[in-house]
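Structure first, then comments.
The values are calculated or read from the model by the stated rules, or taken from the named source; none is laboratory data. Note that this is a predicted model, so its numbers are computed, not measured. As a convention, Cβ positions derive from the backbone with ideal geometry for all residues, glycine included, and neighbour counts pool all protein chains shown. Heavy atoms of the whole protein, side chains included, go into the accessibility calculation; ligands, DNA and RNA do not. Shrake-Rupley method; radii C 1.70, N 1.55, O 1.52, S 1.80 Å.
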Amino acid sequence: MPDRRKNINYLTELPGASERLQIFNADLDKPDSFDAAIEGCIGVFHVAHPIDFEGKDTEETKIKKAVSGIIGILQACLNSKTVKRVVYTSSASTVVFNDEGLNMVDESIWSDADHIRRIFGGSGPASYAITKTLTEKAALEFAEKNGLDLVSIIPTWIHGPFVCPFLPGSVRSSMAMIIGKLLFIRIA
């Protein structure tokens, strides 16, 4: 976000960053802000999703922000005239929360928002799973309607080494399964 200054030295000091890394400001609330970053690209990896485990925003606000953000990014990909494929990083939470008792899932299976609410109530994990599901559905519908090559991948948990100076949310949520609570630790 342009009005927030963050220390990104952990990125700019990576090997080769001075020659190959470009930093762009973009904001999901301003989908046109992604145009400059996407211009001239042949492939786009969409790897982030807004997470609000503290419940600062309503579910409706989170859904609107995430869906309008992905649609804005996909529109920027179309407008570029150079993007050949978009890889969307989804989540296992988009397919596992339903009451169908399935042992295996495929691209025809979706998590059910009402079922998620019954399981988690109004907690952060519920809103994440619901917004992630609705965002992926919107992305796939937009891509099909507009002839955009979009591939969705569904990782279960993302963890391992990371370059940022703080504990990423994906690692925190993995740790929560081990120790039983979310960690809000900042590494100096």
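Structure notes:
- Fully extending the segment from R85 to R118, taken as 0.36 nm per residue of separation minus the present Cα-Cα distance, adds 8.2 nm.
- FRET efficiency for F162 and C41, using Cβ-Cβ distance with R0 set to 22 Å, rounded to 0.05: 0.35
- Positive-end ranking of V83, I71, A113 along the dipole of the range 1-149, with charges on Cβ about the Cα centre, is headed by V83.
- Computed in the context of the full set of protein chains, the accessible area of the range 1-151 at 1.4 Å probe radius has 52% of its extent on carbon or sulfur.
- Solvent exposure, largest accessible area first (probe 1.4 Å, DNA, RNA and ligands not counted), of K132, K56: K56, K132
- Under a 5 Å amide H cut-off, with hydrogens placed 1.01 Å from N, N98 pairs with D112 among residues at least 5 apart or on other chains.
- Average accessible surface for the range 1-144: 62 Å² per residue, computed with a 1.4 Å probe over protein heavy atoms with every protein chain in place.
- Rounded D (µm²/s) - the range 1-146, Kirkwood Rh over Cα pairs, Stokes-Einstein at 37 °C, 0.692 mPa s: 194 µm²/s
- The simple Förster model, with R0 at 30 Å and r as the Cβ-Cβ distance, assigns K6 and E144 a FRET efficiency of 0.25.
- Semi-axes of the equivalent ellipsoid for the range 1-84, computed as √(5λ) from the eigenvalues of its C-alpha gyration tensor and ordered from largest down, come to 24, 20, 10 Å.
- The range 78-118 shape via C-alpha gyration tensor axes, a/c threshold 1.5: prolate
- The range 90-140 has equivalent-ellipsoid semi-axes of 16, 14, 8 Å, by the square roots of 5 times the alpha carbon gyration tensor eigenvalues, sorted largest first.
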